[in-house]
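Visitor: The structure is given below, and queries will be raised subsequently.
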Amino acid sequence: MKITATGDALLIQGFPEDGYEGFDEVKDFIMRGDARLGNLETTVTDWDTYPSAYSGGTWLSCEPRVLDQYLRLGINFISLGNNHGMDMGPDGLLETVENVKRRGVAFAGAGADLTKASEPAYRTFKSGRVAFISITASFNDAARAGLTTRTMKGRPGINPMRKKFIISITPEHFEVLREIIANTKINGSREICIRDGFYPKFPEGTLRIGDYTFVRTENGREEKGTRCNKHDLERTAASLKDASYIADYRIVYSHNHVIKGDDMGEPDDAEFEFAHFCIDSGADAFIGTGVHEFQPIEMYKGRPIFHSLGNFCFQSNMLAYQPYDQFEKFGYPPTMTDIQIMADKNKDWTIGLHTKKECFRTAIPYLEYDRNRLIKAEILPVELGFEKERTFKGIPYRANEKQTKEIYERLASLSEPFGTKLVLRQDGIMEIVLD
């Protein structure tokens, strides 16, 4: 079985209609896979639905023609599990699902209810059958898909991996925080709701502010910790178990924006927990996306974990439409156009993610299996035209020699603490040294 995987495709205007120099090199590498995976980090609509009151940061959508251009790269499995899945409301999500379905592409991670959003997608090849599961750990709570019961319809949305935030603080700071909470009565309404049976009690020996639980630490080190929601773990394990009866290979895509501290290259605790859990539950590979930059490559029980591949396409600065919420959020008058407010809040695109070279670097893994044993793991370094003109910026090109060296050094440095050894071959392809 041969598998290729790509990162976040944040496509808005798409590719040049007549192609571009470098397209075929990227496509040819992707096409080496039987299963060819990607995360589509936008909705696919005609901008004809009611946008949600929230977004994944910016309200994202592209026209169906852009989806067609994306699929020209050979992608045959699409992850819809990400923080932008519900930007255009439930109708926008369902329109996206329908647009993908119409093109015969396997997809996972979002759907009409939680059962649909969490079930694996399958495709069969000469080399075997692949199951694909997609889940996101970064989302507005209203974006979660809901389960259909005997009496109530389920809710359209994304397949969620909820996280519990646990902040360890010194005993001295714990007592200060207790005093602040008592004096400000910040939890007053919540405590009334607990007494009235609307919410569970706060855990004994902890303090709560919003979604954050504070605990004492005796080692003097203060830090943020995260833990996966046990119900979401159990649902993922059930999906992987179902997939084990139908498919020969099981791949999990996880979209996550939470980091451990202030380094985008460091995944949070729950991401490690979830990746290892998926491998333990039968996944043959775990592919992470979300933070727009690289994170470590880890080999766990002989299975590859790519904590983040970074962006595969990056066009969020090319939006022509935004809902009124965007105007109101930044205090713009409705006389301004949607494009003008996007440019103004980013100071004519001189600040933000589009000024960071790191957000224009990605890698495409090629994984080759023999009866579930990984026998080859190659990686194509890719750059997204950071220094190119607007039309040609944010789309994938094979990295040149200098860019390749920088990508290799970054990934090797991030991965080395996990015992992962990367080599850079003379042909510009990176390779994971397998035991």
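Just so it is clear, none of the values below were taken in a lab; they were calculated from the coordinates. Remember, it's a predicted structure, so these values are computed and weren't measured experimentally. Glycine also receives a Cβ, built like all others from the backbone with ideal geometry; neighbour counts cover every protein chain displayed.
Visitor: Pick from the stretch 1-44 the residues that are surrounded by fewer than 24 Cβ atoms within 10 Å (Cβ to Cβ) and more than 30 Å from Glu368 (Cβ to Cβ): which of them is farthest from the chain's Cα centre (by Cα)?
Guide: Per the stated criteria, the residue is Asp18.
Visitor: Something else about it: Val423 passes all but one of (1) touching a residue at least 40 places away in the same chain (Cβ under 8 Å); (2) in a strand (DSSP E or B); which number fails?
Guide: Going through (1) touching a residue at least 40 places away in the same chain (Cβ under 8 Å); (2) in a strand (DSSP E or B) one by one, Val423 breaks only (1).
Quick grid of which residues meet (1) in contact with a Gly (Cβ under 6 Å, 6 or more places away or on another chain); (2) among the β-branched types (Val, Ile, Thr); (3) under 27 Å from His307 (Cβ atoms):
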{"residue": "Arg36", "(1), (2), (3)": "yes, no, yes"}
{"residue": "Ser52", "(1), (2), (3)": "yes, no, no"}
{"residue": "Thr58", "(1), (2), (3)": "no, yes, yes"}
{"residue": "Ser61", "(1), (2), (3)": "no, no, no"}
{"residue": "Arg72", "(1), (2), (3)": "no, no, no"}
{"residue": "Ile75", "(1), (2), (3)": "yes, yes, yes"}
{"residue": "Asp91", "(1), (2), (3)": "no, no, no"}
{"residue": "Arg102", "(1), (2), (3)": "no, no, no"}
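Visitor: So, one more: Is the stretch 289-297 home to any residue that is in contact with a helix residue (DSSP H, G or I) (Cβ under 9 Å, 6 or more places away or on another chain) and of a type in the set (Asp, Glu)?
Guide: yes
Visitor: Does any residue in the stretch 52-68 that is of a type in the set (Ser, Thr, Tyr) come within less than 6 Å, Cβ to Cβ, of a residue that is assigned to a strand (DSSP E or B) six or more places away or on a different chain, and which pairs are these?
Guide: Listed by first residue and then by second, the contacts come to Ser61/Thr43.
Visitor: Name the residues in the stretch 192-241 that are more than 30 Å from Val252 (Cα to Cα) and surrounded by 15 or more Cβ atoms within 10 Å (Cβ to Cβ), would you?
Guide: Residues satisfying the conditions are Leu207, Arg208, Ile209, Phe214, Arg216, Thr217.
Visitor: In addition: If you go through the stretch 214-230 one residue at a time, how many are in contact (Cβ under 8 Å) with a residue 40 or more places away in the chain and either in a helix (DSSP H, G or I) or farther than 19 Å from Pro160 by Cβ (or both)?
Guide: Number of matching residues: 11.
Visitor: Something else now. Only one of His255, His231 is within 19 Å of the chain's Cα centre (by Cα) and not β-branched (Val, Ile, Thr). Can you tell me which?
Guide: Residue meeting the stated conditions: His255.
Visitor: From the set of residues in the stretch 357-384 that are under 23 Å from Thr289 (Cβ atoms) and without any contact (Cβ under 8 Å) to a residue 40 or more places away in the chain, which is surrounded by the most Cβ atoms within 10 Å (Cβ to Cβ)?
Guide: Selected residue: Glu383.
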